[in-house]
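What follows is a single structure, written as structure tokens, with notes after it.
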Amino acid sequence: MYYKSQAAMLLKRWIDLPKAFHRTLYHLSGRAIADFGLIEEGDVILIGASGGKDSMVMAALLAELRKRAPVRLALHATTIDNGGESGLDDGESKALGSFFARLEIPHSIVRTDIAKIVKRHPTTDTACSLCANLRRGALHKTAQEVGANKVALGHHLDDAIETLFLNMFYQGSLRCFEPRTYLSRRQLTVIRPLAYVPEEEIVKARDRLDIPVMKTRCPYSGHTHRHAMKDRVSSLARDIPGFRNQMRGALGDLWSPQQKV
């Protein structure tokens with residue numbers, strides 16, 4: 001059980017950060033961890049390491065947290081390789097391996113034929129949904145194989161805002177992914193430690209820490225509803241003072257209160 005005293009202690013240690021990290025990123029990720037009890041005693045956490053900036057910064061944060069946390073936790077990381085033209089090349093595979101070795105986090109690459117399967121589906125929406133489902137299934141299977149009870153994903157505040165708007169405008173529903181979700185069929189808990197963190201803070205950390213980032217080779221990148229929504233969210237943030245802070249508050253009301261400690 002993740003008690004409030006542990007959450008407060010963790011947040012205090014978490015905010016006392018190394019200079020390499022930006023205080024806002026550390027504070028907001030620590031607050032999400034404390035608010036939703038994302039880290040508990042004895043956790044074995046599998047990091048979904050796509051190779052993008054979000055998951056790589058999250059991995060560095062969790063590695064630092066492991067040193068400071070008042071609870072014992074173990075970290076693993078895995079990268080789901082879609083295969084084909086979207087797959088990792090040798091240089092990228094080595095860069096990922098070196099990065100996680102430096103963090104002292106065991107890392108594996110799961111080779112798949114996801115790109116080949118997705119290519120059979122002609123529409124963007126179908127392809128993106130199918131790809132996400134297949135990658136998620138491969139990640140959850142790996143979590144069970146390494147004995148993880150939690151899977152950490154790098155979704156940040158901007159992702160949450162975009163998801164909320166996409167569901168509102170295209171599905172007519174007021175919902176968004178949660179910072180903490182229990183998957184009863186898999187007996188896994190999905191956590192999102194960056195749920196309160198704006199994307200711009202992750203970019204700062206990536207640059208400050210010189211974190212290697214793999215470029216996406218997805219043929220649909222830049223041509224989806226999500227990409228268009230990202231542009232709209234950026235526009236709103238420019239036009240409305242405090243937009244992201246206000247949206248963080250709105251999402252806090254939406255996310256399940258019973259999940260908070």
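The values are calculated or read from the model by the stated rules, or taken from the named source; none is laboratory data. Predicted model, so just to flag it, every value in this text is computed and none were measured. Cβ sites come from the backbone with ideal geometry, for glycine too, and all protein chains shown count toward neighbours. The protein model used for the area step is the full one, side chains on, heavy atoms only, and it has no ligands, DNA or RNA in it. Shrake-Rupley method; radii C 1.70, N 1.55, O 1.52, S 1.80 Å.
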Quiz item: What percent does the relative contact order of the chain come to when contacts are Cα pairs within less than 8 Å and at least six residues apart?
Solution: 26
Quiz item: What is the Cα radius of gyration of the chain over 2.2 N^0.38 Å, N being its residue count?
Solution: 0.98
Quiz item: Can you list the residues, at least 5 places off or on another chain, whose amide H is less than 5 Å from the amide H of L75, using H built in the peptide plane?
Solution: I45
Quiz item: Assigning unit charges at the beta carbon (Lys, Arg +1; Asp, Glu -1) and nothing else, what dipole magnitude in debye, to the nearest 20, does the chain show about its Cα centre?
Solution: 340
Self-check item: Heavy-atom surface of the chain, accessible at 1.4 Å and reported per residue (Å²)
Solution: 50
Self-check item: R120-A95 pseudo-label distance in nm [points 7 Å out on the Cα-to-Cβ vector]
Solution: 3.2
Quiz item: Which GluC sites (Glu not before Pro) does segment 41-124 hold that lie in a coil by DSSP with at most 10 other beta carbons within 10 Å?
Solution: E104
Quiz item: Can you list the HN-Hα couplings for segment 231-238, worked out from phi with the Karplus curve (6.51, -1.76, 1.60; θ = phi - 60°), rounded to whole Hz and with x for Gly and Pro?
Solution: 5, 5, 4, 4, 5, 4, 5, 6
Quiz prompt | In sequence order, calculated HN-Hα J values of segment 63-73 (Karplus, 6.51, -1.76, 1.60; Hz; x Gly/Pro) | solution = 5, 5, 4, 4, 6, 9, 5, x, 10, 7, 8
Practice problem: Report, in debye and to the nearest 20, how large the dipole of segment 116-177 comes out about its Cα centre when Lys and Arg carry +1 and Asp and Glu carry -1 on their Cβ. | Solution: 360
Self-check item: log10 of Debye I(q)/I(0), alpha-carbon scatterers only, for segment 128-202 at 0.16, 0.24, 0.26 Å⁻¹
Solution: -0.68, -1.19, -1.22
Quiz item: Are any of the pairs K94/K150; K67/K204; K119/K204; K53/K150 more than 24 Å apart by Cα-Cα distance, and if so, which?
Solution: K94/K150; K119/K204
